């Protein structure tokens with residue numbers, strides 16, 4: 001991919017760089033279209049319908065779900081229960097329940113004997129999610145672990 005250099009706005013060099021970036025973006029866009037076309041032809045894992053434990057897990061949520069949460073949960077479950085590979089990103093401001101949506105999807109995956117990894121950008125958030133997931137899933141036969149730079153090498157190998 002083209003890495004542009006700093007140049008004066010409106011200069012000949014600026015115009016050349018804009019053109020190179022446009023071409024680079026066209027290549028990326030073409031590659032993405034090809035990737036998504038291939039993914040549409042592929043077959044993903046089709047998760048089972050909700051289990052009794054899934055319903056029990058969801059009923060233990062101590063708050064009232066927002067309309068956005070309920071919609072996201074429904075759409076994600078529909079994606080997971082489809083044979084198509086899932087492509088979804090969940091975005092929202094802090095405090096709007098993304099973690100609960102993620103936990104329900106993770107729990108659904110675990111109910112079908114799948115492992116789940118939740119990737120987060122900071123060690124603090126990793127620890128917070130570890131505590132939240134552990135607390136929410138304590139009544140179920142689910143093993144929760146955290147892996148971060150703060151864990152010793154020995155505990156990482158267990």
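The values are calculated or read from the model by the stated rules, or taken from the named source; none is laboratory data. Here the structure is a predicted model, which is why all the values come from computation and not from measurement. Note that each Cβ is placed from the backbone with ideal geometry, even for glycine, and that neighbours are counted across all protein chains shown.
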(message) All but one of (1) under 22 Å from residue 109 (Cβ atoms); (2) surrounded by 11 or more Cβ atoms within 10 Å (Cβ to Cβ) hold for residue 36; state the number of the condition that does not hold.
(response) (1)
(request) Determine, yes or no, whether residue 83 is outside any helix (DSSP H, G or I) and either at pLDDT below 95 or over 30 Å from residue 37 (Cα atoms) (or both). (result) yes
(message) Going residue by residue through region 100-107, is there one that turns out to be in the same structural domain as residue 146 (by TED's automatic domain parsing) and either more than 16 Å from the chain's Cα centre (by Cα) or surrounded by fewer than 16 Cβ atoms within 10 Å (Cβ to Cβ) (or both)?
(response) no
(request) Give region 86-130 a look and list any residue that's part of a loop (DSSP other than H, G, I, E, B), closer than 25 Å to residue 38 by Cβ and either touching a strand residue (DSSP E or B) at 6+ places or on another chain (Cβ under 6 Å) or touching a residue at least 24 places away in the same chain (Cβ under 8 Å) (or both), or say none. (result) 86, 87, 112, 114
(message) Tell me whether region 118-126 contains one or more residues that are within 13 Å of residue 54 (Cα to Cα) and in contact with a helix residue (DSSP H, G or I) (Cβ under 8 Å, 6 or more places away or on another chain).
(response) no
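So, residue 61, is that one modelled with pLDDT of 90 or more, in contact with a helix residue (DSSP H, G or I) (Cβ under 7 Å, 6 or more places away or on another chain) and not assigned by TED's automatic domain parsing to the domain that holds residue 139 or not? Before you say what the answer is, go through the steps one by one.
Numbers: modelled with pLDDT of 90 or more: yes; in contact with a helix residue (DSSP H, G or I) (Cβ under 7 Å, 6 or more places away or on another chain): yes; not assigned by TED's automatic domain parsing to the domain that holds residue 139: no.
Answer is no for this residue.
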(message) Given the options 76, 27, name the one that is touching a helix residue (DSSP H, G or I) at 6+ places or on another chain (Cβ under 6 Å) and either assigned to a helix (DSSP H, G or I) or touching a residue at least 40 places away in the same chain (Cβ under 8 Å) (or both).
(response) 76
